[in-house]
2 protein chains.
Amino acid sequence: MTELRFEHEALEEFVAQVFAKVGFSQEDAATEAHVLVWANLRGVDSHGVLRVPAYLANIERGGMNPKAEIRIEKETPAIALIEADRAFGPVVTTFAMETVMAKAREVGVGWAVIRNTTHQGAMGYYALMAAEQDMAGLAFVCNPPNMAPFGARAAGVHNSPLAISVPAGEMDPPVMDWATSMAAFGKVNLAVDKGIPIPEGWALDAEGNPTTDAKAARILLPFGGYKASSLALMFETLSSVMVSNALLTPYLLGGDKPTPGIQNSVVAAIDVATFTDVATYKQDIDRLLQGIKSLPPAEGFTEVLVPGELENRVKAERMAHGIPLPEGTVANLRVVSTSLGVTMPDPLS
Amino acid sequence: MTELRFEHEALEEFVAQVFAKVGFSQEDAATEAHVLVWANLRGVDSHGVLRVPAYLANIERGGMNPKAEIRIEKETPAIALIEADRAFGPVVTTFAMETVMAKAREVGVGWAVIRNTTHQGAMGYYALMAAEQDMAGLAFVCNPPNMAPFGARAAGVHNSPLAISVPAGEMDPPVMDWATSMAAFGKVNLAVDKGIPIPEGWALDAEGNPTTDAKAARILLPFGGYKASSLALMFETLSSVMVSNALLTPYLLGGDKPTPGIQNSVVAAIDVATFTDVATYKQDIDRLLQGIKSLPPAEGFTEVLVPGELENRVKAERMAHGIPLPEGTVANLRVVSTSLGVTMPDPLS
């Protein structure tokens, strides 16, 4: 399978121009492009520019809203309910994270529920925003059903991802970012683009039977059986139900379906300085990470990795040598380039 | 293997008397006994009265502190740092949950970090406290290493449990409560008491090799590989490191070890009324749970369960017919009864 490499800034600029072309402000288009390419840089290609064609289709059918009016509907010194008006996920979520960080600076914690956002990209981005401001950051999201709850042969929950990050000193801030499914759907799509099968245990087909055919995969499976399944369900109770915008129930019991592509989300920040000395905290995190890395590796491993470490290595390599995109993704982006008249950068030779 | 059944109130009264006998106030002893028997009632025997002998040993070696002076060290309208002074876990954690609920009532969210608590029992108890007050409740805890991080053959993180609960209407509030390991150590201990092996994938022995011998199990394994492993690590960063009381690092890098049995914990509450109408919320939760239960069961399942449902069924049965304790646990409690001169209830016939 052929892959072509693209310089990350050129790729980001291209994607920003694409979104500006379909009606988003330069600033919002740039924010969206930045978060997508950030995911690619870290090797999370499932949440990268692969998504652009689907986003454009979503915009065209009236989902993602170029003229969204983001507003804070309810607020206290510690919480916010933010109506996203179907804004680009990264636009409203960076705003929400700034909002909760400002609250955390005052009262130690900020907690926001975002209603009616659209796809937010890699949630680790927002958690890391807090870590870079000496805060702990937390972010999760809910969507309509795409995963079978433990014990079911049909979709009932979303494979809601969860991201947590905290500040470090000399080390990179640890960033935990995973979906409650064995794998995110983006990884299934990537397997389709790459023309390879998916591992057993990742998905069911449309009839609820296990499959390894990426093209036939329709329903994801939770990791850890009832454990991640219940976490996904509780995320819906803390986000969608908390803002009276249920995303699962209309699919489970019937009724008006939410606008396709809509999701609800929680972001939170905890200010380290409210609890302890920031310099001490960062030093303690460094030591903790160094301690984990000092453990003897299990059979089949050459080292013990800490959360985000692998992604940071990929990022260093891709900053230097470009982002590799599979042929399928490149072909899709070329269609976008042609149809919108936005010049796509040349691949690196 | 023989099991004997005990009436739950009689068992709770016995355990309360045991703890009062070794120096705890009647009130604190009763709180501890209540949380232990609550776990047994729900079938979580790993966190029930099985623990009494270990608690007594812990008290004797100066761990759990009968005369603890619990104090709020730092506070804002939204957060609290609570020094537990090695109090009984349920005593300080119910206090902490009351504290964050009071804050949530004012500003929508309350977040507390508890430093230097001792074993807190089943964390679901505290999350449910919030749900019963029309709030979402969240609780997690960290301890010294007992679980191998993903990719390691030695202990490096704790199998930190996480509990979340939210209010429901006619249905029981859903209660998610699980450890980040494949199984909690209490379940390994229960297998020892029952004289049965543990499943593959639960644990490593002292040398870091996989084992199914419950007696040889020394190091737990995370569920979902890197996913639950990283969650456990992040819990340490949000609890222990946040209150400058690292529990993992001294074991990883050397240095003064924390007092045995000490743990740090986070509890949080989110007030539903701050975000939406409470009656609507509860109705929406009922519908969500009913929707999940309406899904077709997977092969090998007869129904789809929601978080806490199985435990509530066990509770109804055990309220009516008593709590079954394995012979090993009963023998241990009889030793306690004799040595402290506290009469143990007769088993139900």
#### Entry: Top-ranked residue in segment B:273-318 [being in contact (Cβ under 8 Å) with a residue 40 or more places away in the chain and among the charged types (D, E, K, R); ranked as farthest from A:Gly156 (Cα to Cα)]
B:Arg318
### Message
Against the definition (facing another protein chain (nearest Cβ under 7 Å), part of a loop (DSSP other than H, G, I, E, B) and free of Cβ contacts under 8 Å to residues at least 24 places away in the same chain), how does B:Ala216 come out, yes or no?
### Response
no
### Task
Could you list, in sequence order, all residues of segment B:269-290 that are at the interface with another protein chain (Cβ under 7 Å from one of its Cβ atoms), among the polar types (S, T, N, Q) and touching a Gly at 6+ places or on another chain (Cβ under 9 Å)?
B:Thr274
### Count - residues of segment A:179-201 that are within 19 Å of A:His158 (Cα to Cα) and in contact with a strand residue (DSSP E or B) (Cβ under 6 Å, 6 or more places away or on another chain)
3
### Selection count, segment B:78-106, where residues are touching a residue at least 40 places away in the same chain (Cβ under 8 Å) and closer than 24 Å to A:Arg105 by Cβ
7
### Query
Looking at segment A:234-249, which of its residues are within 8 Å of chain B (Cβ to nearest Cβ) and either free of Cβ contacts under 8 Å to residues at least 40 places away in the same chain or not in a helix (DSSP H, G or I) (or both)?
A:Met234, A:Thr237, A:Val241, A:Ser244, A:Ala246, A:Leu248, A:Thr249
### Message
Condition first: in a loop (DSSP other than H, G, I, E, B) and either open to solvent by 20 Å² or more (accessible area, probe 1.4 Å) or polar (S, T, N, Q) (or both). Now tell me which residues in segment A:114-153 satisfy that.
### Response
A:Thr118, A:His119, A:Gln120, A:Glu132, A:Gln133, A:Asp134, A:Asn143, A:Pro144, A:Pro145, A:Asn146, A:Phe150, A:Arg153
## Note on the structure
Filter segment A:46-67 for residues that are assigned to a helix (DSSP H, G or I) and not aliphatic (A, V, I, L, M); the one that is most open to solvent (accessible area, probe 1.4 Å) is A:Glu60
### Query
Of all residues in segment A:68-108 being assigned to a helix (DSSP H, G or I) and among the small types (Gly, Ala, Ser), which is surrounded by the fewest Cβ atoms within 10 Å (Cβ to Cβ)?
A:Ala102
### Query
Can you tell me which residue in segment B:317-349 is surrounded by the most Cβ atoms within 10 Å (Cβ to Cβ), limited to those that are under 23 Å from B:Val192 (Cβ atoms) and among the polar types (S, T, N, Q)?
B:Thr329
### Query
Going through segment A:215-233 one residue at a time, which ones are open to solvent by less than 10 Å² (accessible area, probe 1.4 Å) and either among the aromatic types (Phe, Trp, Tyr) or over 26 Å from B:Glu309 (Cβ atoms) (or both)?
A:Ala217, A:Phe223
#### Entry: Residue in segment A:258-267 that is more than 7 Å from chain B (Cβ to nearest Cβ), in contact with a Ser or Thr (Cβ under 8 Å, 6 or more places away or on another chain), more than 17 Å from A:Asn146 (Cα to Cα) and in contact (Cβ under 8 Å) with a residue 60 or more places away in the chain present
yes
### Residue list for segment A:289-316, restricted to those being part of a helix (DSSP H, G or I), among the small types (Gly, Ala, Ser) and surrounded by fewer than 17 Cβ atoms within 10 Å (Cβ to Cβ)
A:Ala316
### Task
Determine which member of the set B:Leu190, B:Leu231, B:Leu221, B:Leu252 is under 24 Å from B:Arg42 (Cβ atoms) and within 14 Å of another protein chain (Cβ to nearest Cβ).
B:Leu231
### Search result, residues across segment A:183-201 that are open to solvent by less than 60 Å² (accessible area, probe 1.4 Å) and touching a helix residue (DSSP H, G or I) at 6+ places or on another chain (Cβ under 7 Å)
A:Ala184, A:Gly186, A:Leu190, A:Asp193, A:Ile198
### Query
Has segment B:160-171 got any residue that is away from every other protein chain (no Cβ under 13 Å) and either buried (at least 24 other Cβ atoms within 10 Å of the Cβ) or more than 30 Å from B:Gln290 (Cα to Cα) (or both)?
no
### Query
Does A:Pro324 satisfy being more than 19 Å from B:Met242 (Cβ to Cβ) and within 14 Å of another protein chain (Cβ to nearest Cβ)?
no
### Task
Could you check A:Glu69 against (1) out of contact with any Pro (no Cβ under 6 Å at 6 or more places or on another chain); (2) closer than 24 Å to A:Ser160 by Cβ; (3) not aliphatic (A, V, I, L, M) and say which number it fails?
(2)
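The values are calculated or read from the model by the stated rules, or taken from the named source; none is laboratory data. Only a predicted model underlies this, so the values are computations on that prediction, with no experimental measurement involved. Positions of Cβ are backbone-derived with ideal geometry, glycine not excepted, and every protein chain shown enters the neighbour counts. Surface areas here come from the heavy atoms of the whole protein model, side chains and all, with no ligands, DNA or RNA. Shrake-Rupley method; radii C 1.70, N 1.55, O 1.52, S 1.80 Å.
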